[in-house]
Amino acid sequence: MTDDLRPLAVVTGASSGIGYELARCFAEDGYDLIVCADGADIQEAAQAIGSSGAKVEAVRADLSTPQGVGELYQRIGGRPVDALAANAGVGLGHAFLDQDFDDVMRVIDTNVTGTLKLIHLVGRDMRQRGRGRILITGSIAGLMPGAFQAVYNATKAFLDSFSFAIRNELKDSGVTVTCLMPGPTDTDFFERAGLMDTKVGQDKKADPAGVARTGYEAMKRGEGDVVAGLKNKLQAAVAAVTPQSVLAEQHRKMAEPGSGQA
Ligand SMILES: NC(=O)c1ccc[n+]([C@@H]2O[C@H](COP(=O)([O-])OP(=O)(O)OC[C@H]3O[C@@H](n4cnc5c(N)ncnc54)[C@H](OP(=O)(O)O)[C@@H]3O)[C@@H](O)[C@H]2O)c1
C-alpha cells in the first residue's frame with residue numbers, strides 16, 4: 001500500500017519513452033506511482049523507476065479498451081491520485097486509405113477514447129477532493145494536418161483542444177490540466193508507427209528525458225500547455241498563421257513513405 005504521506009501519481013505508457021521519463025520525474029520528486037502499459041515490459045520499467053526509493057506498482061492493461069481502462073482504475077482502488085499523466089499513445093504512418101482499419105481504430109481508441117475515459121474517472125475523483133494535476137501528452141502534430149499520418153495528427157489535435165477546454169471548465173476546482181506538446185522525440189514511437197523510412201523518422205530528435213522534464217515542470221506550475229524545445233516552439237508559432245493546405249504539404253514532405261531516403 002502507498003504511504004499516506006507520499007503523493008500518488010498514475011502514469012500511462014510508462015514502459016518506454018516519454019512516459020517512462022515522466023514516471024522517473026515523479027519518483028525523484030517523492031511520489032509513489034502506479035504505472036501502466038500494454039506490454040509485459042511494464043514490470044521491468046516499474047522496477048527501474050522504483051530504484052530511487054519510490055513504491056511503484058505496475059499495471060499491465062490495454063488502454064484502448066474499456067476493460068483495460070477499468071482494470072487500471074480498479075487497481076487505483078479509491079486511493080487519492082495527486083497527479084495523472086495520461087501519456088499512452090501510438091502513431092500510424094502511411095496514407096489513410098492504405099492503412100488497416102483495425103490499426104486506425106487502435107490509434108483512436110488508445111489516444112482518444114481510452115485517454116478520455118481514464119481522465120473522466122480520475123478527474124471526477126480529483127474534482128471531488130478539490131485538488132489534482134492532470135498532464136496530457138498531446139503533440140505539436142495536433143497543430144498541423146498530418147498527411148501520411150492523418151489519423152494520428154487528428155487524435156493529437158483532439159487532445160490539444162480537449163485539454164484546454166477541460167482546463168477552463170476546472171479553473172475554480174483545484175484541479176489543473178496541462179498539455180505537453182512534444183515535437184519529434186527519440187523513442188520507439190517512429191518504429192512502431194512504421195515511419196522509419198520517412199524524413200521525420202530519420203531526422204535528429206529530442207531526448208525524451210528533457211521532453212518529460214519540460215512537461216513535468218509545466219504541470220507542477222499548473223500551466224496550460226508547453227511546447228518542448230525552441231525549434232518546436234517556432235514551428236508551433238508558424239503553424240498558427242499558415243494555411244492548412246500548406247501545412248499538409250509540409251507534413252507530406254516529412255512523413256511520406258520513402259521521404260527519408262531522398
Ligand atoms: N515520440 C514523439 O516524437 C512524440 C511526439 C509528440 C507526442 N508524442 C506522444 O508521446 C506519448 C508517448 O509516446 P513515446 O514517444 O514515448 O513512444 P513509446 O516509447 O512508443 O511509448 C508509448 C507508450 O504507450 C504505451 N501504450 C501504447 N498503446 C497502449 C495501450 N493500448 N495500452 C496501454 N499502453 C499503451 C506503450 O506501452 P506498450 O509498449 O506496452 O504498448 C508505451 O509505454 C504518446 O502519446 C505519443 O503520441 C510522441
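If you take the C-alpha gyration tensor of the range 31-180, multiply each eigenvalue by 5 and take the square root, what semi-axes do you get, largest first, in whole Å?
The answer is 26, 20, 13 Å, longest axis first.
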Expected max-MSF residue from K156, K231, K117 in the GNM of the chain (alpha carbon, under 10 Å) is K231
Taking Cα atoms, the helix 115-129 axis meets the longest principal axis of the chain at an angle in degrees (rounded to 10) of 30
For the range 223-262, shape from the Cα gyration tensor axes a ≥ b ≥ c, cut at a/c of 1.5 then a/b versus b/c, turns out oblate
Longest principal axis of the chain (C-alpha) makes with the long axis of helix 66-76 (C-alpha) an angle, in degrees to the nearest 10, of 40
For K204, the aspartates and glutamates lying under 13 Å Cα to Cα, once residues fewer than eight places off in the same chain are dropped, come out as D186
The answer for T185, listing residues at least 5 apart or on another chain whose modeled amide H is closer than 5 Å to its amide H, is A206
For K205, counting only lysines whose alpha-carbon sits under 17 Å away and dropping same-chain residues fewer than eight positions off, the answer is K231, K233, K253
Applying the gyration tensor rule to the Cα atoms of the range 110-257 (axes a ≥ b ≥ c; rounded if a/c under 1.5, else prolate if a/b exceeds b/c, else oblate), the class is prolate
With a Förster distance of 41 angstrom and the Cβ-Cβ distance between D102 and L5, calculated FRET efficiency to the nearest 0.05 equals 0.35
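Any read-out appearing in this document is the output of simple, stated calculations on the displayed coordinates, not a laboratory observation. Note that the coordinates shown come from a computational prediction; the quantities given were computed from them, not determined experimentally. Don't worry about glycine lacking a Cβ; one is built from the backbone with ideal geometry, like all the others, and counts go over all protein chains shown.
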